[in-house]
Each structure stands twice: as C-alpha cells, then as structure tokens.
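The values are calculated or read from the model by the stated rules, or taken from the named source; none is laboratory data. Just so you know, these numbers come straight off a predicted model, no measurement behind them. Backbone-built Cβ (ideal geometry, glycine too); neighbour counts: all protein chains shown. These accessible areas exclude ligands, DNA and RNA; they are computed on the full protein's heavy atoms, side chains included. Shrake-Rupley method; radii C 1.70, N 1.55, O 1.52, S 1.80 Å.
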Amino acid sequence: MISVMLMLAGGIFLSSCEKEALVEETNSITQKKISYLEFADHEEFAKALENEESNVRNDDFVSMLDIYIKIEETKNEDERNRLIEKYKNILIFDKDSIIELIVVDPVLASFLTPDGLVKVGNEISLVEFDKIKTITDGDISKIELLSRIDKNSPENNIKVIDFIQIVSSEKHSWQDSEEWDSHKKKLKWKKWASYNPWNSSVGGSVKSYKKTWLGWVTWKTSLSIHVRWDYIRWGNNGYYYSWFDGHIQDNKNGWWLTERRYTGGTDTPNPVSGLTIDGSVGGHNFNH
C-alpha cells in the first residue's frame with residue numbers, strides 16, 4: 001500500500017566502540033550541557049549539505065542519523081527497545097514497526113544532534129518533524145524553550161517556520177524459494193523531496209528486512225536504486241533555476257542504500273515533477 005505524506009505544518013556509520021559509547025551518553029535537550037555542530041554561516045552549512053561532508057563534524061560527534069543506524073543494527077531486543085524508548089521523539093513507526101527518522105534527508109540528519117539541533121552563524125535551530133524553530137540571537141539559555149514553542153515568539157527572538165518534506169513509500173514482501181529458509185522478507189523503498197532554509201534535496205532509499213522472533217530486523221543483501229525526475233525548480237535570492245531530466249543511481253551489498261542530490265538554497269518550496277524510483281533488493285525488483 002502506497003502512502004504519501006505531505007508535511008506542510010510547519011552513508012554515515014558508527015566508526016568505533018568509543019563512538020557507540022557516546023551514543024549512549026548523548027545529552028538530552030533538557031540537560032545543561034549542549035553539544036551541537038557550529039557552522040560559520042548559511043553558506044558554510046549549505047556547502048556541507050551539498051558535499052555531504054564538513055570538517056566541522058569530527059569522528060566523536062554523534063548525530064541523529066548515527067542513533068537511527070545504531071537502533072536498526074542492534075539485534076539485542078532489550079537494548080533495541082531501550083534505545084527506541086530513549087529516542088522515540090525522533091522516530092516514526094509504520095504498521096510493521098519498521099522505523100524511520102523524522103528527517104527524511106539522511107545528510108541533513110547527519111549534521112543534527114539526536115535532538116535535532118544545529119548552529120548556523122548566530123542562530124541555533126531545532127529541526128522537528130514539520131517545523132524548524134530558531135533562536136535568532138544565539139542565546140543558549142532558550143534551547144529548552146524551543147521544544148515547547150509552536151509559533152513565532154518575537155519577545156524571545158525565536159522564529160518558527162514550516163519544514164516541508166514530501167515522501168512516497170511502499171513495501172513488498174516475498175518468500176525465499178529455498179525450502180530451508182522460510183523467513184519472510186520485505187523491501188521498503190522511499191522517494192522524497194525535502195525543503196528547508198539551508199538547502200533543498202531530492203532522493204530515494206531502499207531497505208531490506210526479514211521476519212524473526214524479534215520482529216522485522218535488517219538483513220544484508222544486494223541492493224540497487226535509481227531515482228529520476230522530469231525537472232526540479234528552485235529559487236535563490238530572487239533568481240530561479242531548473243534541473244531537467246536528472247537522475248541518480250547506485251548499488252551495494254547491505255541493508256540500506258540511499259541516494260540524494262542537493263538542488264540549491266530556497267526562497268520558496270521547490271517543485272519537483274516526475275519523481276520516480278526503481279531498483280532491486282536481493283533480486284526482487286520494485287518501481288514507482
């Protein structure tokens with residue numbers, strides 16, 4: 001069943017045992033010690049999102065994306081459930097309890113703290129499911145207030161804008177033909193467009209799961225993905241640009257494959273037309 005979400009209201013892996021430990025020690029937004037990435041200005045952050053890397057982020061930084069990958073790769077039921085409970089505010093669950101992040105662009109998620117914080121210039125922003133809340137005067141004492149506010153607060157120098165993500169996803173199930181392996185398998189694909197103050201992006205992902213006594217867990221197999229579009233249009237400082245007949249593709253062996261492209265800073269939401277996705281998981285094809 002295809003579900004399309006329009007939210008208008010409003011690969012990076014753990015590299016060491018030390019980093020895994022840091023995941024467990026990540027401070028919540030209500031604690032006094034706040035650790036987030038700091039970019040000099042809008043241009044520096046936009047460039048980091050475009051290039052998918054920045055020297056601002058070091059190996060010790062634990063991101064929202066790191067947390068998601070940690071949960072998906074944890075096979076111990078008690079540990080997995082503990083992490084899910086701890087980070088439930090940044091997770092979305094479908095009817096099969098398969099987990100997604102509230103931020104669809106994995107590159108953006110890789111620059112956010114597990115709570116969704118980032119500092120750009122003098123502005124501290126909290127990225128949520130459908131809103132981006134920003135302290136415009138850089139006053140760190142107001143960070144706790146961000147999670148409780150839903151609209152502009154001029155008296156606190158806080159602005160709230162819509163975070164627009166357009167997502168279409170679907171799952172397919174299949175049974176292995178080998179008699180010795182009766183595990184049911186699922187592939188889940190997603191195509192998406194994301195618009196925020198720092199960049200716009202389009203992309204797709206595919207994930208592989210199998211049914212065990214723990215429920216649906218990730219498993220590694222061959223993955224391929226191809227995302228294309230008729231055109232993307234975006235604005236920047238009063239100028240508008242179009243990207244016609246674009247496409248991205250990749251393949252690997254693993255449980256998750258994602259591809260995206262940065263399309264430029266925005267003045268208004270960027271329309272994307274004719275976005276399609278196809279590929280395969282373990283030899284089983286999908287397309288939409």
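Averaged over its residues, the stretch 199-284 has an accessible area of 45 Å² per residue, based on protein heavy atoms and a 1.4 Å probe. For the stretch 90-188, trypsin sites (Lys or Arg not before Pro) meeting the loop criterion (DSSP other than H, G, I, E, B) and having at most 10 other Cβ atoms within 10 Å: Lys95, Arg148, Lys151. Within the same chain, aspartates and glutamates fewer than 8 places from Lys185 are excluded, and of the rest, those with a Cα less than 20 Å from its Cα are Glu72, Glu73, Glu77, Asp94, Asp96, Glu100, Glu170, Asp176, Asp278. Using a probe radius of 1.4 angstrom, the carbon and sulfur fraction of the accessible surface of the stretch 222-288 is 44%. What the Cβ-Cβ distance of Glu38 and Asn253 gives, at R0 = 22 Å and to the nearest 0.05, is a FRET efficiency of 0.05. How high is the FRET efficiency between Glu73 and Ser153 when r is their beta carbon distance and R₀ equals 51 Å, given to the nearest 0.05? So, using R0 = 51 Å, E works out to roughly 0.85.
Taking label positions 7 Å along the Cα-Cβ direction at both Glu144 and Lys184, the computed distance is 4.6 nm, reported to one decimal.
Distance between the pseudo-spin-label points of Ser97 and Asp59 (7 Å out from Cα toward the beta carbon): 3.6 nm. With the cut-off at 28 Å, tell me which of the pairs Lys70/Lys151; Lys70/Lys159; Lys186/Lys252 have Cα atoms farther apart than that. The answer is Lys70/Lys151; Lys70/Lys159.
Net length available on complete extension from Thr136 to Lys86 is 15.1 nm, with 0.36 nm assigned per residue and the Cα-Cα distance removed.
As a calculated quantity, the FRET efficiency between Tyr239 and Asp162 at R0 = 22 Å, using C-beta atoms, amounts to about 0.50.
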